[in-house]
Amino acid sequence: MSPHLIELRDITVEYKTPGHPPKRVLDNLNLTIEAGELLAVCGQTGCGKSTMLRLILGAELPTAGQVLIEGHESRRPDRNRGYVPQKYSLFPDKTVLGNIAFGPEMEEFGLFGWLHPSFYSRRKEVRAKAMSLLRQMGLDDADGRKFPDQLSGGMQQRVAIAQALIMKPRILLMDEAFSALDPATRTDMQRLLRTLWAKTGTTILFVTHNIAEAIYLGSRVVVLGKETPQSSSNVIADLEVAESARQESGQLSDKEIDRLTKAIEGSTPGSRVEFEMAGFNG
């Protein structure tokens with residue numbers, strides 16, 4: 001039997017501060033994620049959502065337990081895991097096209113790539129791919145010549161997603177990636193993300209505080225919470241969202257989102273909430 005794409009096994013994370021007892025953020029977290037899922041992770045501030053993302057990225061190690069990627073322990077970031085933070089991580093001194101192409105150019109040629117005989121021909125190929133991704137993000141060719149400070153917040157976040165996707169990661173990790181956007185732009189970005197997911201099949205983990213956003217985006221929603229006397233797990237709810245429940249536009253109805261939100265908010269620690277929504281008529 002093939003291993004899960006991602007497995008968090010008995011994960012505990014503690015942070016030590018001199019003069020204070022250790023602060024435990026995650027305790028006995030067990031979670032498996034399959035290839036091709038769009039997993040939305042939500043929960044209150046301090047429940048360990050972003051910490052979980054950093055563990056999967058390999059940017060942080062657990063105090064105890066294992067993070068497994070395809071059955072192998074992960075201890076450092078690699079090209080198979082892309083990351084999009086809440087605040088756009090773009091280089092201010094590079095054009096939009098230069099930002100998107102930066103990853104593959106550095107991976108192939110390093111800092112002194114221009115000394116390599118094939119540098120200019122390969123750079124032309126990489127930048128053509130970057131321009132294609134730029135268009136997929138809904139931006140124009142002219143935007144590729146601009147610098148990040150000439151773009152709106154939503155446009156910068158589109159560039160940040162393209163910057164991650166050009167490396168063709170198997171896993172895309174997004175930490176509150178839309179929270180700083182205005183409501184209209186946020187809705188556009190949610191639609192774009194679901195379109196990209198359907199088109200590429202990339203496994204996506206999307207962290208958000210917003211339960212309605214999690215339900216709209218996710219093929220699966222996991223709610224994290226702090227450990228309680230009633231539960232030895234950080235997973236409060238685990239919700240499968242059937243694609244058959246979505247309208248032709250790809251969206252869930254407002255009634256369905258409201259129903260699922262109430263079900264999640266009313267769930268008890270340690271419970272698993274599953275809905276089969278095929279044929280749901282509101």
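What the table below lists for this structure:
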quantity: Evaluation of E213 against (1) surrounded by 15 or more Cβ atoms within 10 Å (Cβ to Cβ); (2) without any contact (Cβ under 8 Å) to a residue 12 or more places away in the chain (one fails), failing number; calculated: (2)
quantity: Number of positions in segment 40-52 that are surrounded by 15 or more Cβ atoms within 10 Å (Cβ to Cβ) and in contact (Cβ under 8 Å) with a residue 40 or more places away in the chain; calculated: 9
quantity: Of the criteria (1) within 21 Å of L172 (Cβ to Cβ); (2) in contact (Cβ under 8 Å) with a residue 40 or more places away in the chain; (3) not small (G, A, S); (4) not in a loop (DSSP other than H, G, I, E, B), which one R79 fails; calculated: (4)
quantity: Boolean, A128 is in the same structural domain as M106 (by TED's automatic domain parsing), over 18 Å from the mean Cα position of the chain (by Cα) and either closer than 29 Å to G36 by Cβ or surrounded by fewer than 15 Cβ atoms within 10 Å (Cβ to Cβ) (or both); calculated: yes
quantity: Some residue of segment 103-113 being in a loop (DSSP other than H, G, I, E, B) and under 25 Å from T208 (Cα atoms); calculated: no
quantity: Single match in R158, R220, R194 (criterion: crowded, with 22+ Cβ neighbours inside 10 Å, of a type outside the set (S, T, N, Q) and either closer than 17 Å to I6 by Cβ or modelled with pLDDT of 90 or more (or both)); calculated: R158
quantity: Among residues of segment 33-58, those that are farther than 14 Å from R81 by Cα and in a loop (DSSP other than H, G, I, E, B), counted; calculated: 8
quantity: Looking only at segment 82-104, and only at residues there that are touching a residue at least 60 places away in the same chain (Cβ under 8 Å) and aromatic (F, W, Y), the one that is nearest to S179 (Cα to Cα); calculated: Y88
quantity: Criterion violated by G71 - all others in (1) surrounded by 15 or more Cβ atoms within 10 Å (Cβ to Cβ); (2) more than 14 Å from the chain's Cα centre (by Cα); (3) touching a residue at least 60 places away in the same chain (Cβ under 8 Å) satisfied; calculated: (1)
quantity: Verdict on L55 being among the aliphatic types (A, V, I, L, M), buried (at least 20 other Cβ atoms within 10 Å of the Cβ), modelled with pLDDT of 90 or more and out of contact with any Gly (no Cβ under 7 Å at 6 or more places or on another chain); calculated: yes
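The values are calculated or read from the model by the stated rules, or taken from the named source; none is laboratory data. Values in this document were obtained by computation on a predicted structure and should not be read as measured data. Heads up, the Cβs are rebuilt from the backbone with ideal geometry, glycines too, and the neighbour counts pull from every protein chain shown.
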